[in-house]
Each structure stands twice: as structure tokens, then as C-alpha cells.
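The values are calculated or read from the model by the stated rules, or taken from the named source; none is laboratory data. Given the structure is predicted, the values throughout are model-derived calculations rather than measurements. Cβ atoms come from the backbone with ideal geometry, glycine included; neighbour counts cover every protein chain shown.
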Amino acid sequence: MIEEPEWHSPSTLDEAIALKSRLGEAGVVVAGGTFTGILVANGLIKPKAFIHLAKVQGLDGIDVGEELRLGALTTHRRVELSPSIRQSSWSCVADCFGLVASPRIRNQATVGGVLCDADYASDPPTLLVALGARVRLRGRAGEREMQVADFIRDHYQTALGADELLLEVVIPQPPVHVKYVKFLSRSSEDRPCVGVAVAADIDEGGLCRSLRVVVGAVSGRPQEFPEACGVALGERMTIDIANEIGRRYSDLTPTLSDVRGSAAYRRRLIAVLVRRSLEPLAA
Amino acid sequence: MMLDPRITGRIQYAQDQHMPGMLHARILRSPYAHARIVSINTAAVPRDVVCLTRDDVTDLEPLYGPMVKDQPVVARERVLHVGDSVVAVAAPTLREAEAALEAVEVEYEEMTGVFDPVEAAGDSSPVLHESLDYPPDLRPDGRNVCHRFRLQSGLGEDGFAGADVVMEEAFSIAGAAHVPMEPHATLAYWEGGRLHVITGTQTPFNVRRDLAALFRLPEERVRVVVAPMGGSFGAKTFMRLEAVTAALARKSGRPVRAVLTRAEEFVTLNRHPARFRIRLGAKRDGTFVAKSVDAWWDTGAYADCGPSVCTKGGYAAIGPYRIPNVTVDSRCVYTNHPPAGAFRGYAATQGVWASERMTDLMANRLQMDPLELRLQNLLRDGDRFATGEILQDVRFADCLRAAAEMVEWGSDRKNKGLAVMLKGMQTPSRTGVALDIDAGGRVVVRSATTDMGQRPEPTQRALASQALGLPMEDIVVGPNDTDLVPFDTRTTSSRSTFMMSNAIREAAAELRRRIADRLEVASEDLVLDGEGAGVRGTPGRRVALSDLAGLRAEGSFATPGGLDPDTGQGVASSHWHQSAAAAEVTVDSETGVTTIKRLHTSVYAGQVVDRPGAELQNEGSTIFGIGTALLEAIEFADGQVTNGNLSDYEIPSILDVPDFTYDFVEGGQHAHGLGEMAVPVVPAAIGNAVAAAGYRMLDLPMTAERIVDARPAR
């Protein structure tokens, strides 16, 4: 009488895509299982079928070239410890994945998973948006690419089509100055209360040529307000400008309340953390 | 080399126990905080699943509970908290049990709930328990108050007239979860009309007594075997899963095992949320003149040991001070929250928070050094505490000075805080122990001290070794089984090492007498050593211990006492747990994040028996205190726990633990309990340090957000 869910372990990408198309909403994709596991264990979802990707070949690569390519099944821990990433200009990416939860979780959680779950209380999406990273998707109709910023739409919602799988994340060359700050209001292994990513290009004259500031973990998706950064463009970063951008982000960013802090506390933190993230540029 | 079975995985925790033909239990729990059960329909449950409802327990005593009989095996007319047990099932597999829960239909009629102890005691709140038989030593008082502990010494409230300065402030502390790594687990079976229960419990004899009463059996027909626990911290005290598991085993005729999920842990037993209003009166020179403690304890839907918590927390909030005029009014109140009970730091954590923050507020007002103010007022040998007891073996000042020194307490006190406490031990209580010589020539310690991870075994072996004069290798600890061990009140309140050391000493003296009788010599001439038994001055007369197999001796120890619930006078504790802490912090003024720079606890340990064990206990206890200080709070919304998982409810990770130090103040005639002495003082010391950094903290936990929202301290 007990209906056990179906467990599918496709070994090729085509097979996985075919399964996903056929099962539609009923099929839940499992990569590392750290997110799905919590949902199932707490009875929040009761899937009829799982599509387990572990046996699909070629989805777990790290390729450091013109751009950094991270396969969907690459674990956080591999990104964190990868010597080729650490020695490249993308070391900030390794740092950021290394801030997630605990080693046990990072050994399991995947790059594709953290994007497809679109859980607001995550670290990597915030940095990936600031770096202009793209996701490569494949479905029955073929492949497409889009910005991570466009891929994550809201709480647990992405642009992933019903028949699509995420293949990899492609991260362009970062600008000179990149920093991700994870603010924890509680335990060291907590999810972020607020995450701030800054990616800035400063020219030889010390003038700011581009600046992206992204705030994460405070609402349904990473938040970016290019107009708030305009005050810095073509200027030398100062404490006053840092302060002003922080104040603007605090005003513009919609914030939510959860166990890690109230909406009001988060607004207050955004001003502080954005300012602090920009202050090193003023040095 | 013998590896600890915890490391090799060979240890069989309560949740690892199994028997052939065993069924797995699951419990259907109430989604409502307060509701009438209109109907229960189990027709769709498969036939091979055993289903226990209120109709299956009509022949049992209707209610059980360690202090107030108020808890049914499964809900009868009403459910009283979210998570209250409504129907229990047992099936061949856990999956089938899970599926069976979904086949049960329960219709509820939701009722108004009450979630605040002060409100619950008010006239317009719903009455949670219609009629209860209270034992004579409890003082139910009006609506939903299951016990009111009052204390008056000296002139009481009138004593404030003699004060130059009177301060009054309110404090609160949130409910907390014990979070043992191993959840509650019980296996029960019936054999030959006898109930056998293998369970993770700190209180085997309470469980035996309460099961016998519930099933209307003589106590000899109930056997409780204690499995080693993967942590407890107070969670596994008194009857938890044992009643429902035994009832399922009775109905099914099969062994039944129940193991809770992590989510269920959060609705099974928590720490009491508490609120205090403290008034403290002092002379301008700092001499304490009068104190009043007004406390409210939210015990949830069932009293459990709440009446004892409100008593012990009531007098703990007086603090270890000489105060001539004291009143305490401490109320334990039913609400529609999950039940609250024992929690490491038992009631002192709440009381010390309120009391020691108040001490610093007074020091601030009087512009005195908080250390000097405390030293000026601390109880000393021969002083009378507010309960009327004359204190002996007093070490408060030693502990406090040791702690202060470690943070270089001096003229610069910014960011630094202190706390000192007294905590009672379970009194009255008694303990028995037996020493058996087995066929292998080893002495077997028969003791009901339970193992919840604190390693009682090396302590007991060392105690017996010292008392008998035999090497540790000749001593083993026998299984913890109520059929085999003498009565012991329970393994709580850091009493076991103290109580057992006395009982073992007596049993050892008796065993030596018996061996001497066997050898027909006076016991002072008996020599016991690794070679066996011999006679002083007569080298030829020796027997191996194995030749003495079957010899047995018992020893016991009892501490009389108890407090009058109306006046608070009497004997609160046979001896006092004493400790102090000092902390130095930095606070990020823009984010409220507190960083502990230095933290020291100083604990009166008496004679240390097992030093590595003692050190580990105090380290764990300190980390518990850090969690309570900065992180831990069970959040409720209309009675529903909203953070009942370990992602939303956070305990300290090892990365959150700063370098900290501690010392044991040693001396005296006895081993002192020290398993929970850092828990109450650490939050108060950190709170006083945060206050010294400029933030007036009155509520625990001191989350980063609360700190930035706090009023300036001065």
C-alpha cells in the first residue's frame, strides 16, 4: 500500500533530459541532495519520482581558461579547494564556495544545486551575479545561456524550463577588485543573514571604471541597483561615496524577516556592510 | 589498547536497541495548540499495524507525571500543545508506521490557546487542566498556576525601607532545546506479565515507579534497563516515550521501539522560558538590604518537574548574598506550549541571569566596582542564607576572585563582566550502591548512575578503587538495570559523584568487613591489593578475590531536607554548587555582533575524582552557556515552534567557541558535582560584559539584533 517514489539514475544527459521532460513536475532532480533532502525529510515535498544525476558523465568538471567553467555536479568543496581556481584570478569564487555551511555539506552540495534551488539564504549566487556569470542550460530544443541574474527569479523560482537541465556555470574574467562578505548574525555555520558582493574595476589613475554591488540573502533573489553605484563611476572611491552607496542600497533593497534577523535589522546592516565592502577601494 | 566504544561505534545507544519481531512506533501529533478531539477514525489503517488511541488505555491510570499527574498516554478529550500525542502506531517497518499515520483521520475543534504565563494565570484565560490531584507539597494557585513557591526572610518587603537605593528591573530568558545528538529512544516488551523497558533515561527509578502506577502493577513487575545515551542534558528525565511505547507493546504483544525525529524533539521537552521582576535595595556603601524576586515560569501543557524548577530558580535568583530581607514569589504556569522541564543548569540559568544582571545594575547605580560590590555581600562560612540554612564550605569568593583575575579585572573594566552563583543539589535524595565480587575475581559496582555521555564509569571505578584499596583494573561497573542495582533517586542536579562517593565508601567498608570475616581477621588487619586479600603481618594468609566470589555489600547515602513552599524556609540543598565566571567581549557597534575575547569559569569541585572527565564536563558546560548567552531561543507563533530544526535553531558550532579557560577550586572533604556549573554563570558574565561595553541587556539570548536595538547602558 505504500507508494515508494520512483528513483531514476540516468547515465547520459540525453536520458536525463528525456526523463525530466516525461516526468514534468512529478520528477525532482537530485544532485547533492542537501536541499532536496531537507524538503523531503520535513514533508514539504512528496515527489513521485527522483532523477538522480550522479551517474551522468561530464557534469562535474572545473575548466580554468578564458572563462571559468564549473560543471553542475561540481561540489562546493571541490571548488573551494581546487588549486587551479585558487591560483587563478577566480580565487574569490573558491573563497565564496568555502564559506557555505560546513565541510560535510560542502562535500555534497553542488554548483548546479545552489543555483537551481534558488534558496534566498545562499552565498554563491550573490557573487556569481556580481561577476556577470552565466548558466548554460540544455533541453529538448537545444542549449541556451543566460545571466545568473536572470536565471534566479524569486524564492525557489528559476527560468529553468520543464525539460531543461543546468549544465554549467560560466564565469568571465573578474575585474581587479572582487570581494564577497558573508555576514553571520548567529553561528559560524549559519546561512548568511546578509551577503554583499562587490566587483569593481579601478584604472591606473585610481578611478572607478565599473562597479557592481549585489546584496544577497535579504529577499527572494540577489539584489542589484546599478543606478545606486553611478555616483562612483569615473570617480576616486572615498569613504563618503562608500557611505552614500551603502545608504542608497539600504533604501532600495527590499528585505525580509527570518530567524537570522528582522527586515529592519537587515536594512541597517546593508548600509554598514556595503559601506565596509567599498571602504578598501578608498584606501 | 581498548578504544572507547563511542569511537569504534560498538556502543549500543537506546536507539540501537532491537529485538526479533520488533515493531517500530510513530506518533500522530496535534497540529493545534489547544483543541477538542471530535473524533478519531483509524478504519483506513492496515490491519497489521497496531494503532493505539484513547480507547486502548481506559483500563490504565488516566494520568501520569513526576510531580503532578496531568499527562495522558495519548490525548483524551483535548490536545494541549502542538505536538501533543494523539494516536500512536506500531508497524513492522518505520515506513509502514509513517504511512499508517497518514491513514488516521482526526477531527478537531480548535479552542483558544494561551501562550504567556502571566496571561495564563489571568481570569479570562482558558483552563488547561480541569481537575487534578495535587500532592500536598505543591501549591496550585488559581487559574493554570500549578505551583507557587514563596519565600520570606527577615522583614521581607518591609526591609526595603532600610535601603538608600532601590532598583527594579524586568528580565527574561527564552526557552531552549537540549539538542542531544541522540534523540529520545525507548524499546518496550512484555514477558510473563512483566514490563521490560530499555530506554535512554536519567531517571530509571522514577520511570519504573511511574510505569508501575500507570499500568497498575507492583514495581517489581516493571524492569527498566538504561541504555547509554548519546546526550541528554535533562531532556531524558522522567517519563517521556516509555508510557506510550509500553502501551503499544501491550496491545501488539510484540516488542516495540520508538525513536523520535529531530522535529519531535522540539515539541517533547524544552527549557522553561522565564520572566523576572527583581527589586534590590542597598545602602549607599553597597551593603545589600532587601531583595524581592517575582518570577513566572512557562511550563507548557504539562507540569513535568516545573514546580521544582520554579522553586530552585526562585531561590537561585536571590544569589549567593547576605541579604537580611528577602521575598520570592515564583509561579509555575501551564500554557499551550510544549512541556518544559529539566535542562542542564536547572533553573539556576534563568535565576542567575536576572540576579547577576541586577547586581551589575546596582553597582552601576552606586558607581561601585562590580567585583567589590559582590565580595562585600557574598555569603561566607557560617552565614545564613535566605532559606534559613547556615552555609558551610563556602567558596564563592575564591571562585569569583579566580575568575576576575583571569580577565585582569582592575580599573579598566570596559567590556568586562562577572557573575557568581549558588545552585542547589536535589534534596532530599538518597542513593544506594552494591559491590559484588564476581567469579573472575573482579569487584562489580552495581549503581543506577546513568551514562548520558559524562563517563560515570571511570569515576565510579576510581571511587571504589580508592575506597577498597584495589587497582582500577579489578573493578568494573555492572549493567544499569533496576533488577540489578539498588535504588537511586536519579542522575540529575550534578549529584551523582557526590552521592555515589559516599555510598561507595560505605559499601566498600562493609565489603572489607565481610572479607575480613571470611578470613577471620579484624577488618583493620585486612590488606586488599592487586594480589587479592591478605592479612597484615601474616604474609602466608592470602586468598584470591575469585575465591571470594559471591560476597556482596551494600552502601547507601541520603540527604534529608526540603523547603516549605509557603515560607521558603528549610534545607534547600545538602551542599551547594558554587561557581563564577568572567568574560571580556568586543561588540561591533554597527552590527551588534559580540566576540568573546576572554572567558573563564571557576568551579568549586571539592575533591576531583576523574580529572579528564571533570575537565570535559566543564568545557561542555561552558559551551552550553555560550549558546544560551548568544544564540539559543525556541521561537513560537501561536504555540507552534517555528524554528524546530537545526538550521533555524542554532547551537554553537565548534567554530563559535572561543579559547576559554577554567579552574577548579579544590579542597574540602567531598567530591562535588560540576557537570553544569558553568551554564548559569557564563550568560550572566557575558551579559555584564556586553553591558560594560555600553548595551543594557535584560533579555536572553543576546542576539546581535537585540544588542544594536538595546538602550545604552548608562
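Points worth noting:
- Total residues in the range B:175-198, condition assigned to a strand (DSSP E or B), surrounded by fewer than 22 Cβ atoms within 10 Å (Cβ to Cβ) and in contact (Cβ under 8 Å) with a residue 60 or more places away in the chain: 1
Here's the yes/no breakdown for (1) over 18 Å from residue B:170 (Cβ atoms); (2) under 15 Å from the mean Cα position of the chain (by Cα):
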| position | (1), (2) |
| --- | --- |
| B:298 | no, no |
| B:301 | yes, no |
| B:314 | no, no |
| B:318 | no, no |
| B:321 | yes, no |
| B:326 | yes, no |
| B:340 | yes, yes |
| B:343 | yes, yes |
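- The range B:580-612: number of residues that are out of contact with any strand residue (DSSP E or B) (no Cβ under 7 Å at 6 or more places or on another chain), surrounded by 20 or more Cβ atoms within 10 Å (Cβ to Cβ) and away from chain A (no Cβ under 14 Å): 1
- Among the residues listed as A:204, A:244, A:235, the single one being surrounded by fewer than 20 Cβ atoms within 10 Å (Cβ to Cβ), more than 14 Å from every other protein chain (Cβ to nearest Cβ) and out of contact with any helix residue (DSSP H, G or I) (no Cβ under 8 Å at 6 or more places or on another chain): A:204
- Within the range A:130-181, being outside any loop (DSSP other than H, G, I, E, B) and free of Cβ contacts under 8 Å to residues at least 24 places away in the same chain holds for A:142, A:144, A:146, A:147, A:150.
- Only a single item in (1) farther than 24 Å from residue B:171 by Cα; (2) surrounded by 24 or more Cβ atoms within 10 Å (Cβ to Cβ); (3) β-branched (Val, Ile, Thr) is not met by residue B:394, and it is number (2).
- Matching entry among B:667, B:675 (being crowded, with 16+ Cβ neighbours inside 10 Å, of a type outside the set (Val, Ile, Thr) and at pLDDT below 95): B:675
- Near pairs, Cβ below 7 angstrom, 6+ apart or cross-chain, from the range B:633-644 (within 12 Å of chain A (Cβ to nearest Cβ) and farther than 10 Å from residue B:82 by Cα) to any residue that is surrounded by 18 or more Cβ atoms within 10 Å (Cβ to Cβ) and aromatic (Phe, Trp, Tyr): B:634/B:266; B:634/B:649; B:642/B:636; B:643/B:649; B:644/B:266
- From A:188, A:210, residue being more than 14 Å from chain B (Cβ to nearest Cβ) and surrounded by fewer than 21 Cβ atoms within 10 Å (Cβ to Cβ): A:210
- Scanning the range B:80-98 for residues that are more than 14 Å from chain A (Cβ to nearest Cβ) and part of a strand (DSSP E or B) gives B:85, B:86, B:87, B:88, B:90.
- Residues of the range B:426-456 that are small (Gly, Ala, Ser), under 30 Å from residue B:619 (Cβ atoms) and in contact with a strand residue (DSSP E or B) (Cβ under 7 Å, 6 or more places away or on another chain): B:429, B:447, B:448.
- Scanning the range A:144-185 for residues that are of a type in the set (Ser, Thr, Tyr) and within 14 Å of chain B (Cβ to nearest Cβ) yields a total of 1.
- Looking across the range A:222-240 at every residue that is hydrophobic (A, V, I, L, M, F, W, C) and more than 13 Å from residue A:272 (Cα to Cα), the one that is nearest to the chain's Cα centre (by Cα) is identified as A:225.
- Checked against (1) more than 14 Å from chain A (Cβ to nearest Cβ); (2) of a type in the set (Val, Ile, Thr); (3) more than 24 Å from residue B:275 (Cα to Cα), residue B:679 passes all but a single condition, namely (3).
- Cβ-Cβ under 9 Å pairs, at least 6 apart or on other chains, the range B:265-278 side without any contact (Cβ under 8 Å) to a residue 60 or more places away in the chain, far side assigned to a helix (DSSP H, G or I): none
- Segments classed as strands (runs of 3 or more DSSP E), wholly inside the range A:1-107, with at least 3 members that are in contact with a Gly (Cβ under 9 Å, 6 or more places away or on another chain): A:49-52, A:68-71
- Among the residues of the range B:364-391, the ones that are without any contact (Cβ under 8 Å) to a residue 60 or more places away in the chain and either within 26 Å of the chain's Cα centre (by Cα) or closer than 21 Å to residue B:686 by Cβ (or both) come to 7 in all.
- Filtered residues of the range A:252-273 (kept if touching an Asp or Glu at 6+ places or on another chain (Cβ under 7 Å), at the interface with another protein chain (Cβ under 8 Å from one of its Cβ atoms) and not hydroxyl-bearing (Ser, Thr, Tyr)): A:259, A:261, A:272
- Filter result for residue A:51 (crowded, with 22+ Cβ neighbours inside 10 Å, touching a strand residue (DSSP E or B) at 6+ places or on another chain (Cβ under 9 Å) and either over 19 Å from residue A:169 (Cβ atoms) or of a type outside the set (Lys, Arg) (or both)): yes
- Single residue of the range A:28-84 satisfying the filter (polar (S, T, N, Q) and closer than 16 Å to residue A:110 by Cα) that is farthest from the other protein chains (Cβ to nearest Cβ): A:57
- Filter result for residue B:617 (assigned to a helix (DSSP H, G or I) and surrounded by 23 or more Cβ atoms within 10 Å (Cβ to Cβ)): yes
- Where helices (runs of 4 or more DSSP H) sit wholly within the range A:204-283, those with at least 2 residues that are touching a Ser or Thr at 6+ places or on another chain (Cβ under 8 Å) occupy A:263-278.
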